[in-house]
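Report on the following structure.
The values are calculated or read from the model by the stated rules, or taken from the named source; none is laboratory data. Not measured: the values here are computed from a predicted model. Counting neighbours? That spans all protein chains shown, and the Cβs are built from the backbone with ideal geometry, glycine included. Just the protein is used for accessible areas: all its heavy atoms, side chains included, with ligands, DNA and RNA removed. Shrake-Rupley method; radii C 1.70, N 1.55, O 1.52, S 1.80 Å.
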Amino acid sequence: MSGISLQSKIVYGPIFSRRLGRSLGINLLPTKIKTCSFDCVYCQYNITTDWTLLPDRECLTTPDEVLSTVEKALQKPRSMDFLTFSGNGEPTIHPDFLEIVKGVRELLDQYRPDANLALLSNSTMVTSPEVQEAIRLIDAPMMKLDAGDDITFQAINQPVEEIHLDEIVMGLREIPHLMIQSVLIDGKVSNVRGEAYQAWKKVLVDLHPQTIHIYSTERPTMCADVVRVSPPRLSEIAAELTEKLNLKAQAFWRE
Ligand code: SF4
């Protein structure tokens, strides 16, 4: 089974996103190989080829290239709600992420003051002071949290060796107006049943983020053991988080 193709450019879209409306994507990572600090079992792309926290600068787009491409895209007459760092892997592992975010923030304020800046991140770099500084410039930093215990975290997200969940949670505590995104899956590995589900909820209560977006896989995944969580079950979980745990959660799925 093969995943979807990688983005072939620095700027792509606008695409209509379930969570962000009309969103113009910014991809900071290589277009030929998937570069990420995770290899999530549900990833819509193929398996991670460059599995790293430190991608080789030679293979990456430079801040100047990103900023000139974004500026040209913002000069085109099209409507958008968000400009979103996302793309072919984890944006925050780009070594010049802070410089790029500062530049993009300025361009957005200049050309589209009504639009917002978003980030879809897997949270692995959240303990880095530079990444924390960059996140503070972003209106909607959506930070991934799929597990509340390290065993489930390792099984679902398959991080590079040096990453552990307790460090990520510690970093997430430092983010003001934290927004969490969680992919819920069932099957051989599950975060919607048993102790794994209880641990995930416990960490959410501890973090008390501004919002929690939950969703499941929509496409066939590389891993045949991954089972999609149904929309009624997602709604049930969102209701439990909101009504019983006093959190603000929303469930998303494709009709
Ligand atoms: S963090 Fe995102 S891009 Fe990286 S493996 Fe997981 S789902 Fe794929």
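Filtered by the rule that a residue be closer than 26 Å to Pro113 by Cα, open to solvent by less than 30 Å² (accessible area, probe 1.4 Å) and of a type outside the set (Val, Ile, Thr), segment 51-89 gives Pro63, Ala73, Leu74, Met80, Leu83, Phe85, Ser86, Gly87. Restricting segment 181-237 to residues that are in a loop (DSSP other than H, G, I, E, B) and among the charged types (D, E, K, R), which is surrounded by the fewest Cβ atoms within 10 Å (Cβ to Cβ)? Taking the candidates together, the pick is Arg193. Scoring Ile168 on the criteria (1) part of a loop (DSSP other than H, G, I, E, B); (2) within 15 Å of the ligand (Cβ to nearest atom) leaves a single failure, condition (1).
If a residue must be assigned to a loop (DSSP other than H, G, I, E, B), hydrophobic (A, V, I, L, M, F, W, C) and closer than 14 Å to His94 by Cα, how many such residues does segment 120-152 contain? Give the steps one after another, and end with the answer.
We begin by selecting, within segment 120-152, every residue assigned to a loop (DSSP other than H, G, I, E, B); these are 122-128, 136-139, 145-149.
From the residues that got through so far, the ones that are hydrophobic (A, V, I, L, M, F, W, C) too are 125-126, 137-138, 145, 147.
Of the ones still in play, those that are also closer than 14 Å to His94 by Cα are 125-126.
Qualifying residue count, segment 120-152: 2.
Looking at the structure I just gave you, is Gln110 open to solvent by 40 Å² or more (accessible area, probe 1.4 Å) and not in a loop (DSSP other than H, G, I, E, B)? Yes; evaluated as a whole, the condition is true for this residue.
I'd like to know if segment 20-28 contains one or more residues that are in a helix (DSSP H, G or I), in contact with a Pro (Cβ under 8 Å, 6 or more places away or on another chain) and surrounded by 16 or more Cβ atoms within 10 Å (Cβ to Cβ). Write out each step before concluding.
Of the residues in segment 20-28, the ones in a helix (DSSP H, G or I) are none.
Within segment 20-28 (the criterion being in a helix (DSSP H, G or I), in contact with a Pro (Cβ under 8 Å, 6 or more places away or on another chain) and surrounded by 16 or more Cβ atoms within 10 Å (Cβ to Cβ)), the answer is no, since none of the residues qualifies.
Filtering segment 9-44 to residues that are within 30 Å of Asp225 (Cα to Cα), more than 13 Å from the ligand (Cβ to nearest atom) and of a type in the set (Val, Ile, Thr) leaves Ile15, Thr31.
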